[in-house]
Each structure stands twice: as C-alpha cells, then as structure tokens.
Amino acid sequence: MMIETKLLSNLPVENLTKENDYLGVLEKGNLISTFLKGNKSQFDKIKMFSLYGEWGSGKSSLMKFLENDLKGDFNTFFFEAWQFEKDENLAMSLLEFINAKNIDTGEEFCQDLLKFGGRILRGLGRSVKFNFPLYQNGPSVDLDMNGFVDEFSKKEEISFYKSLENFKTEFIRLEDKLKAEKGKEYNIVFIDDLDRCEPEQVLNLLSAIKLFFTYGQRTIFFCGIDKVAVNQAVKTKYGKPVG
C-alpha cells in the first residue's frame, strides 16, 4: 500500500482558515485568546504562561496568531530569543527590546530602567543554582547571592537591594507610560524560540522572568517552551538530571 505524503506550508497567521489550519491553531488560539481577554484583572497575580510543545509542533504559529489577535486589547511584544542568543545576557536583551519598542519614552527614563535592570541581570547570570520551579512541574533553580555580591561590590554607591527597588519602580513606570501612550492598559510579551538557544541562556532568561520581570502589575510573559530542551539545559548546567 502506498502512503501519500505532502509538505505543509507555514502560512501567515492572518491567512489561516479551517481548511488549511493543519495544526489546529485557530481552535487553540481562539480559546487562549478568549481566556486572556476575560482575565485581565488577574494580571497582577498571574505573570507567566507557558505553552508546551516539542520543536516543530506549532508553538510559534500559535503565539503569532495570538499576538495578531490580541493587538486590539493589549500592548503586544514578540521576542524571538534566538535572534539575540549571541548576546552576552539574553535577559538584558529582553529588557532592552521591551524598552526599545516603547519609542516615545524619554531618554532619562530609559537610562534609569536599563541601569538598574542591567546591574541586577548581570548579577543573575552568575547566581543561578537549584531550587525554585521555573514553571509548573518544571525544573527548579535557586539563587546564590555571591553572584550578586560580586556585581554590587564594585565601587558604586547603590546596593543590590536599592537597585531592585528602583527596578521595580521603573518597570511600573514603564507600564504607566505604555498605557498613556498606546491607550491599552495591559501588556503581553511573547517569547519564542527558546529551544534554539544555548542551555545557559535559556535558564538565565527564564530565571530573570520568574524573579524580576514580574514586578509589574499589568504585564504577563507568554513563553513557548520545549520541556525536553529546558530539562536538558538544567542537566547541562548542573550535571544531573531534573527531578
């Protein structure tokens, strides 16, 4: 018996129909979109969503559909992590990306947000160890404060804790500016292609989102995650399998 096979084209999300939606993007996307639109008031409590799927399973197509569908209700950002993967600090690249998309923000404000965020995120890169979950039922990491101590022991007047408080303040100010300038109160940052990044970069970015990027009151992060890739990242960094 001969089995007929064919290649499926990766259609732009705006051209999807029930007839050519081979991955079921429309059904899943409409369901998630309705859920997010109806639960904006929970964004001060729920800060991170994970879309699980193996490489090539359609995570990117689904997130691009969601970004397009939600533009009328949210300020949307689409961060393709692999494009910044060669940067020294992927978490810092995410902060710069969000800031750069807010083109009307004043220069002084930009400098403050990046200054305090940069110090924290540079310290994070040398501080990740085991033991808090990156996402539900996912691998866990912990913090080794020595990395932060090293970063903040330089001859500067501001401490880690002061930088952290300032970063919280500046991030909320960013949310306020986005609301005032773009007319939408809530923000969604889609993060794609983590499974194409180096293991250490994956861990540092997920840790930064979990620890520091959730200080806002009106911003969530929606990450496409290949569990196998993240588990392998933990195993690569720490030399042992994930429990």
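Observations
- Selection within region 50-64 - of a type outside the set (Ser, Thr, Tyr) and under 17 Å from the mean Cα position of the chain (by Cα): LEU51, GLY53, LYS59, LEU62, MET63, LYS64
- GLY123 vs. criteria at pLDDT 75 or above, buried (at least 18 other Cβ atoms within 10 Å of the Cβ) and not hydrophobic (A, V, I, L, M, F, W, C): no
- Verdict on GLN232 being of a type outside the set (Phe, Trp, Tyr) and at pLDDT below 80: yes
- Residue among GLU96, GLU67 that is of a type in the set (Asp, Glu), over 20 Å from LEU121 (Cα atoms) and either surrounded by 14 or more Cβ atoms within 10 Å (Cβ to Cβ) or within 15 Å of the chain's Cα centre (by Cα) (or both): GLU67
- Residue, farthest from PHE171 (Cα to Cα), within region 212-233, restricted to residues that are touching a helix residue (DSSP H, G or I) at 6+ places or on another chain (Cβ under 7 Å) and in a helix (DSSP H, G or I): GLN232
- Test: residue in region 196-207 that is among the small types (Gly, Ala, Ser) and without any contact (Cβ under 8 Å) to a residue 40 or more places away in the chain: no
- Contact map, region 223-243: first residue open to solvent by less than 90 Å² (accessible area, probe 1.4 Å), second residue of a type in the set (Ser, Thr, Tyr) and at pLDDT 75 or above, Cβ cut-off under 6 Å, separation 6 or more or different chains; pairs are CYS223/SER50; ILE225/SER50; ILE225/TYR52; LYS227/TYR52.
The values are calculated or read from the model by the stated rules, or taken from the named source; none is laboratory data. Nothing here was measured: the structure is a model prediction, and the numbers come from that model. For neighbour counting, all protein chains shown are included, and Cβ atoms are generated from backbone atoms with ideal geometry for every residue, glycine included. For accessibility, only protein heavy atoms count, side chains too; no ligands or nucleic acids. Shrake-Rupley method; radii C 1.70, N 1.55, O 1.52, S 1.80 Å.
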